[in-house]
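Here the structure comes first, spelled out in structure tokens, and everything after it is commentary.
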Amino acid sequence: MTGSTLLGMGHYVPPRVVTNNDLAGLMETTDEWITQRTGIKERHWVDGNVGASELAEIASRGALAEAGLTPQDIDLILFATLSPDLNFPGSGCLLQARLGIPGVPAMDIRNQCTGFLYGLKTADAYIRSGMARHVLLVGAEVHSTGIDVTTRGRDVAVLFGDGAGAAIVGPTEGAARVIDSELHADGRFAEILMVEAPASRMNPRLSPQMLEEGRHYPKMDGRSVFKHAVERLPEVIHSVLKKNGYALSDVDVLVPHQANLRINEMVTRQLGFAPEKVVNNIQKYGNTTAASIPIALHEAVLDGRVKKGQLVLLAGFGAGLTWGATLVRW
Ligand code: ACO
């Protein structure tokens, strides 16, 4: 039966490295505080006016090259981001123009840290149903232009990095395929992690007072996010495995979203899963939201941690709240 598989991947982070010590020069924080609480040592930030679609283009061209395809082979673009280049239109349209493929449908996915998994399930459905052959799925974020880099915003500012990860999802009759995924959302907790302005429910959408109050910056109840993440992730992982007749011991590699090393360590402990089979790279990149799973997965493929024939489990949790897990036979 036709299924979908990842034919090629690419990833890109901007060259500018921002260390914890660099941040300590901008706000009251320390390398020790950030490392202990999050595991992050450095992240990459863009210089100047660079939008998510610019990072996405580089990652996408890498994925196309790995798949041995050209932009003309793409018949659907799915762009997962919480930091679109513009309020509207979506970054998918901008990426399509950059790739020079006018007419190809382009959709943005607004599911934050779970965006890549929502996109992968959508790509899989399009391919299984025959509605698309080659889907370009990309997660890309530019956080650095939207965070408060003063002491007021330090709880959030130290967490995020910029970057992009992309996959070409295409049809297969073979064993290597997306097996299944389970997705969830719970909007009752939308406000524990959000950017509230500018947005349609505010009239005016932005005022000098709102700017003064910093309401255009992300706001997070970090403890609550932490608590939800360490409950929901093990739950959805057990659920998708059980539904497909697998045990945790069948999983060769777990690639979780990179929100916080402490979250991933706690989830790994709760599962009773071998830490050496978990891919973590937040130390180098911080939290790149929709880009984090494809960047981590692609790095693990390139360095040989993910090998042909292995059972790979992707898991994500983020604002919305949204969360999910995807099983892939590599
Ligand atoms: N540097 C130094 N001190 C800081 C910083 C900072 N960057 N940020 C906050 N503090 C201070 C606070 O002001 C507070 O000071 P006080 O005790 O004098 O009031 C103190 O440190 C403790 O603050 P808490 O917010 O209670 O710190 P906590 O131990 O909860 O850690 C953290 C904060 C790391 C954000 C934690 O709650 C967490 O990991 N939450 C998960 C959220 C997350 O990972 N989000 C990522 C984005 S969401 C996603 O991708 C799903």
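The values are calculated or read from the model by the stated rules, or taken from the named source; none is laboratory data. Quick caveat, the model's predicted, so the values are computed rather than measured. Counting neighbours? That spans all protein chains shown, and the Cβs are built from the backbone with ideal geometry, glycine included.
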The condition from (1) without any contact (Cβ under 8 Å) to a residue 60 or more places away in the chain; (2) outside any helix (DSSP H, G or I); (3) within 16 Å of the ligand (Cβ to nearest atom) that residue 280 misses is numbered (1)
Scanning region 288-324 for residues that are away from the ligand (no atom under 16 Å from the Cβ) and part of a strand (DSSP E or B), which turns out farthest from the chain's Cα centre (by Cα)? 311
Identify, from the list 120, 136, the residue that is in the same structural domain as residue 55 (by TED's automatic domain parsing), part of a helix (DSSP H, G or I) and either touching a residue at least 24 places away in the same chain (Cβ under 8 Å) or charged (D, E, K, R) (or both). 120
For region 14-116, please list each of the strands (runs of 3 or more DSSP E) lying entirely inside it that holds at least 2 residues being more than 14 Å from residue 141 (Cα to Cα). 17-19, 76-80, 106-109
Looking only at region 139-156, filter to residues that are in a loop (DSSP other than H, G, I, E, B) and within 15 Å of the ligand (Cβ to nearest atom); which one of those is nearest to residue 17 (Cα to Cα)? 143
Within region 285-303, can one find any residue that is surrounded by fewer than 24 Cβ atoms within 10 Å (Cβ to Cβ), in contact (Cβ under 8 Å) with a residue 24 or more places away in the chain, touching a strand residue (DSSP E or B) at 6+ places or on another chain (Cβ under 9 Å) and more than 25 Å from residue 45 (Cβ to Cβ)? yes
Would you call residue 56 away from the ligand (no atom under 16 Å from the Cβ), crowded, with 18+ Cβ neighbours inside 10 Å and modelled with pLDDT of 95 or more? yes
If you go through 185, 164, 247, the only one that is in contact with a Gly (Cβ under 9 Å, 6 or more places away or on another chain) and surrounded by fewer than 20 Cβ atoms within 10 Å (Cβ to Cβ) is 185
Hey, does region 61-77 have a residue that's aliphatic (A, V, I, L, M), within 16 Å of the ligand (Cβ to nearest atom) and touching a residue at least 40 places away in the same chain (Cβ under 8 Å)? no
Residue check, residue 233 against (1) aliphatic (A, V, I, L, M); (2) under 30 Å from residue 62 (Cβ atoms); (3) exposed (fewer than 15 other Cβ atoms within 10 Å of the Cβ), all met but one. Which one? (3)
